[in-house]
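Single-structure report; data block below.
The values are calculated or read from the model by the stated rules, or taken from the named source; none is laboratory data. What you are looking at is a predicted structure, and each value in this text was computed from that prediction instead of being measured. Reconstructed Cβ throughout: ideal geometry from the backbone, glycine too, with neighbour counts over all protein chains shown. We work out accessible area using only protein heavy atoms, side chains counted, and drop any ligands, DNA or RNA first. Shrake-Rupley method; radii C 1.70, N 1.55, O 1.52, S 1.80 Å.
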Amino acid sequence: METTTNGTSFSNQKFTIPAVSDVEQQQASMELEPTDDFNYSKRSQWLRAAVLGANDGLVSTASLMMGVGAVKQDIKAMILTGFAGLVAGACSMAIGEFVSVYSQLDIELAQMKRDKQRDENREPSDEEEEDEEKGKQGENESLPNPLQASAASALAFSVGAMVPLLAASFIKEYKVRVGVVIGAVSLALLVFGWLGAVLGKAPRVRSAVRVLVGGWLAMAITFGLTKLIGSSGL
């Protein structure tokens, strides 16, 4: 009985010792594993301006060209329409983004001013003063830049609008030209949707398909309505 008891206790010790070491190894591995504390929401400002600008330039310019091409098969008419859409859209995106981000900047500056006035009414300690200085530096770095956002929107819109323009510039045959424009725009929509998902750490396939379907709908609606109005003789 004693041997059995000792054997049992010895065997229990043999089983418990690895368990403790496993826990220690797991804790050590968790401590050694790097933590990804990067906040991807910080990318939202310029990412939104760039991706939306590129998608808008691509879809709106292609839809304009498809709409004009539905009633007029001349290549010159399609190119001039696309170029006008590029210039007008880039200016519109830049101005709209500038006004929007500048309004956001005014709100944040006003909030910082109110916080500063509130802190001046009390006497902070030395540690609180150091924390406040660090906080002010971080706030200044995180403030939105209206010029940067507007330039990113205009540039991205222009890049997206160049895709259908370049696709249609050197093809005189109408049906081939329309097919090439649709193919080039579809590929660019997939790329923009995938790129936005990668930078924002979002589902890639779902984002790319969503952008592609939206672009197809915009081109189809513009083409169909323009064709209907043009054929009615208005």
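A compact table of results
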item	result
Test: residue 202 is in a helix (DSSP H, G or I), open to solvent by less than 50 Å² (accessible area, probe 1.4 Å) and modelled with pLDDT under 90	no
Index of the failed condition, residue 162 passing every other in (1) open to solvent by less than 50 Å² (accessible area, probe 1.4 Å); (2) touching a residue at least 40 places away in the same chain (Cβ under 8 Å)	(1)
Complete set of residues in the range 81-99 that are free of Cβ contacts under 8 Å to residues at least 24 places away in the same chain and either surrounded by 19 or more Cβ atoms within 10 Å (Cβ to Cβ) or of a type in the set (Gly, Ala, Ser) (or both)	81, 84, 88, 92
Any chance residue 208 is assigned to a helix (DSSP H, G or I) and under 30 Å from residue 102 (Cβ atoms)	no
Residue check for residue 195: touching a residue at least 40 places away in the same chain (Cβ under 8 Å) and either in contact with a strand residue (DSSP E or B) (Cβ under 8 Å, 6 or more places away or on another chain) or in a helix (DSSP H, G or I) (or both)	yes
Any hit, the range 69-81, residues being under 25 Å from residue 170 (Cα atoms), at pLDDT 65 or above and touching a Leu at 6+ places or on another chain (Cβ under 7 Å)	yes
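Listed here are the residues, each with its yes/no results for (1) among the basic types (Lys, Arg); (2) open to solvent by 40 Å² or more (accessible area, probe 1.4 Å).
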residue	(1), (2)
168	no, no
176	no, yes
186	no, no
191	no, yes
206	yes, yes
211	no, no
218	no, no
221	no, yes
224	no, no
